[in-house]
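Let me begin by presenting the structure, written as structure tokens, before commenting on it.
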Amino acid sequence: MSSVSSTHPTSTPYTLYGGELSLYTGKARSYLRYKGLDFEEKPATRQVYKEFIVPRVGAAIVPVLQTPQDEVVQDTTDIIDFLEARHPEPPVYPGGPLQRLVALMLEFYGDEWLVIPAMHYRWSVVDQQYDFIMREFGAMSDPDASEEEQIRLGEKLCAPFRGSISALGVTAETIPGIERAYADTLADLDAHFAQYDFLLGSRPSIGDFGLIGPLYAHLGRDPVPRALMERTAPNVYAWVQRMNAPKPRSGEFLADDRVPDTLLPILATMCREHLPDAVDVVTHNAQWLAANPGGSLPRVLGFHPFTTGGATGTRFINSYSQWMFQRCLDHYAGLEGEDRQRADTLLTSVGGLQALRTPIGHRLRRQPGQLELVES
Ligand SMILES: N[C@@H](CCC(=O)N[C@@H](CS)C(=O)NCC(=O)O)C(=O)O
């Protein structure tokens, strides 16, 4: 697996457990490379899951960061925030309030919504990329096994992921909408990346790291969607390559807190499709927490309707997504005066003003060693 050496004088070696096929590992890897941090990536083998990840994190989930001091951090957002505190320069959170809002929103969109096309283009078309996908799963778990053994192992290990797509909302009824929405987003991103290296200038932001998760491991790497991206959105494909091989610590955010107009259609799609889901999750979480004071929220709270690309279906109520949404809401709520006015103008133009004013009666926080969230 990859090992990146750094010229940063204060860097120390970290270990990232995950895999090339893993959406969220791609987010953390790209960040670590941009920051020029010394790290080694190790595959999350069966043994690593059993002896390290499950005991230390409380769940079989990747990626996981281990520091040289044997601290363990799980969740890419926590990993990035942990590392930003230790290695602040250059920040991946823009200082400009509007750029920061957009970056936080697009991190959320990449992490929690573009996972829908990502999982669709891995699993609905798995027959067209069968050996590649199965082998990827097998190779992460047992890198030394033969190719054939890895494919057989992959067939077993992929079952929970393969089986989750209908819960995510990927069904025969919604697939045309998912493909339409993804094609639109790709076209919008392509127009943006024809002009800019990253979302907000020549430096990647937390928004770029959110988007690279789905746009690399699945959509930019699995054979079927990768060919689609290369053919229809070459500028997005080039951005994926830049995100994976960035010049460490280089670049700047655009001056004067400017948000490029080319991001507006992407934000508008997010506000139309993703934010209604997020707002409804907040409602369901509040109901559950009111009925179960002090309880740990189940990761799934039933199913609710959603719309994408004009198609309507149902998908799981993902309680966790409130935690990511809170980051956007908190930032927006903290804006005052002219900053607030500028944010309101932008949000009005993309249809997101009301969603960003969602009141949070029951705030969520993470607790060490548990995936389930609790009220803070
Ligand atoms: N929000 C988490 C999501 C991590 C995640 O869902 N990882 C996937 C692999 S890419 C996984 O291990 N899923 C198993 C699970 O969620 O139980 C993060 O940002 O790290």
Task: Computed helical MRE - 222 nm, the chain, DSSP H runs ≥ 4 contributing -39500 (n - 2.57), nearest 500 - done: -14500 deg cm²/dmol
Task: Among beta bridges that DSSP assigns inside the chain, antiparallel share in %, nearest 5 - done: 80
Open item on the list: Sequence gap at least 6, Cα distance under 8 Å: using those rules, report the relative contact order of the range 3-86 to the nearest whole percent.
Closed with: 34
Task: Solvent exposure of the range 162-286 as accessible area per residue, Å², 1.4 Å probe - done: 36
- [ ] Using Cα centres only, tell me the gap between the range 115-136 and the range 312-354 in whole Å.
- [x] 31
- [ ] Could you please state how large a percent of the accessible area of the chain is carbon and sulfur, counting protein chains only and using a 1.4 Å probe?
- [x] 52
Task: Antiparallel bridges, percent of DSSP beta bridges restricted to the range 3-86 (to nearest 5) - done: 60
Open item on the list: Test of understanding: in a Gaussian network model of the chain with alpha carbons linked when under 10 Å, which of VAL126, VAL54, VAL282 would top the mean-square fluctuation ranking?
Closed with: VAL54
Open item on the list: Out of the trypsin sites (Lys or Arg not before Pro) in the range 84-190, which ones are loop residues according to DSSP with at most 13 other C-beta atoms within 10 Å?
Closed with: none
Task: Sites matching GluC sites (Glu not before Pro) across the range 193-280 that sit in DSSP coil, with at most 14 neighbouring C-beta atoms within 10 Å - done: GLU252
TODO: Please report the relative contact order for the range 68-152, taking Cα pairs under 8 Å with a sequence separation of at least 6, and give it as a percent rounded to a whole number.
DONE: 14
Task: Under 13 Å, Cβ to Cβ, from LEU186 - net charge with Lys/Arg +1 and Asp/Glu -1 - done: -2
TODO: Name the most mobile residue of GLY220, GLY361, GLY207, meaning the one with the largest mean-square fluctuation, in a Gaussian network model of the chain with Cα contacts below 10 Å.
DONE: GLY361
Task: Alpha-carbon centroid distance for the pair the range 176-236 / the range 16-90, whole angstrom - done: 23
- [ ] Using the structure shown, list the pairs from LYS42/LYS156; LYS35/LYS156; LYS27/LYS156 with a Cα-Cα distance above 29 Å, or answer none.
- [x] LYS35/LYS156
Open item on the list: Restricting to DSSP loop positions (anything but H, G, I, E, B) with no more than 15 other Cβ atoms inside 10 Å of their own Cβ, which trypsin sites (Lys or Arg not before Pro) remain in the range 273-354?
Closed with: ARG299
Task: Local electrostatic count, LYS247, Cβ distance below 13 Å [Lys/Arg +1, Asp/Glu -1] - done: +3
Open item on the list: Once each part is reduced to its C-alpha centroid, what is the distance from the range 260-301 to the range 358-374 in angstrom?
Closed with: 13
Task: Nearest-10 value in Å² for the accessible area of PHE39, using the 1.4 Å probe - done: 0
- [ ] Can you send over the solvent-accessible area of SER250, 1.4 Å probe, protein chains only, in Å² to the nearest 10?
- [x] 30
Task: the chain: relative contact order as a whole-number percent, Cα under 8 Å and 6+ apart - done: 20
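Please give the net charge around ALA238, taking every other residue with its beta carbon less than 14 angstrom from that of ALA238, where Lys and Arg add +1 and Asp and Glu add -1.
That sum, taken over residues with Cβ under 14 Å, equals -1.
The values are calculated or read from the model by the stated rules, or taken from the named source; none is laboratory data. Nothing here was measured: the structure is a model prediction, and the numbers come from that model. Here the Cβ is made from the backbone with ideal geometry for all residues, glycine too, and neighbour counts use every protein chain on show. In case anyone asks, the SASA skips ligands and DNA or RNA and just uses the protein heavy atoms, side chains included. Shrake-Rupley method; radii C 1.70, N 1.55, O 1.52, S 1.80 Å.
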